[in-house]
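Structure first, commentary second.
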Amino acid sequence: LTRCKVALVDDVDFNWLSAYNWCAIKGYSSWYAVRGICNNGINIGVRMHREILGLTKEDSTQVDHIDSNGLNNQRANLRTCTRQENSRHQKPRAPHYYKGVRQNNTKGRFYAYITVNGKREHLGAFDTAYEAAMAYDAAARLYFGEFALTNFKQQ
């Protein structure tokens, strides 16, 4: 890939993927391997993970990288999902260190919340960010199952 990046792929996919020139592009929270093709005079990008799973540009099915590494395109790390399932597996946006936690600057308390089916659910107010993050993690596991991206590893 370009930019000194490397994509991981299974041995069975390596030879046919190597026939193309791939470049690395920065997405929202990860790097991805992409190649360009010309379709009726229009340049479009084809992402390696979609190519491996046989998904076309027109297909609305999304692909989730289980380990959140967009360059790990080994089949065991890829799963198809809906847009909603994929969004559940996103990392928190800076400057927030814990997913599902916000601090009330006037009161100094930490609030935990989770969005389920487009509705934000308040999970409570806590004295520490850690407590609020633990509340988010419990709710994420309950609502999102295998697609839950938690703040802490489950023990």
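The values are calculated or read from the model by the stated rules, or taken from the named source; none is laboratory data. Source: prediction; values computed, not measured. A quick note on method: Cβ atoms are made from the backbone with ideal geometry, for glycine too, and the neighbour counts reach across all protein chains shown. These accessible areas exclude ligands, DNA and RNA; they are computed on the full protein's heavy atoms, side chains included. Shrake-Rupley method; radii C 1.70, N 1.55, O 1.52, S 1.80 Å.
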Listing of strands (runs of 3 or more DSSP E) fully contained in the stretch 19-114 that carry 1 or more residues being modelled with pLDDT under 90 and not small (Gly, Ala, Ser): 31-39, 42-47, 101-103
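Against the condition open to solvent by 40 Å² or more (accessible area, probe 1.4 Å), at negative phi and within 15 Å of the chain's Cα centre (by Cα), how does residue 56 come out, does it pass?
On the way: open to solvent by 40 Å² or more (accessible area, probe 1.4 Å): yes; at negative phi: yes; within 15 Å of the chain's Cα centre (by Cα): no.
So residue 56 fails the test.
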Residue match in the stretch 118-131 (condition: open to solvent by 70 Å² or more (accessible area, probe 1.4 Å), assigned to a helix (DSSP H, G or I) and aromatic (Phe, Trp, Tyr)): yes
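Right, residue 15: open to solvent by 90 Å² or more (accessible area, probe 1.4 Å), of a type in the set (S, T, N, Q) and over 18 Å from residue 149 (Cα atoms) or not? Lay out the reasoning, then the answer.
Values: open to solvent by 90 Å² or more (accessible area, probe 1.4 Å): yes; of a type in the set (S, T, N, Q): yes; over 18 Å from residue 149 (Cα atoms): yes.
Taking the combined requirement at face value, the residue satisfies it.
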Pair list, Cβ < 9 Å and 6+ apart or interchain, from the stretch 1-30 residues that are free of Cβ contacts under 8 Å to residues at least 40 places away in the same chain to residues that are of a type in the set (Asp, Glu) and open to solvent by less than 100 Å² (accessible area, probe 1.4 Å): 17/51; 20/51
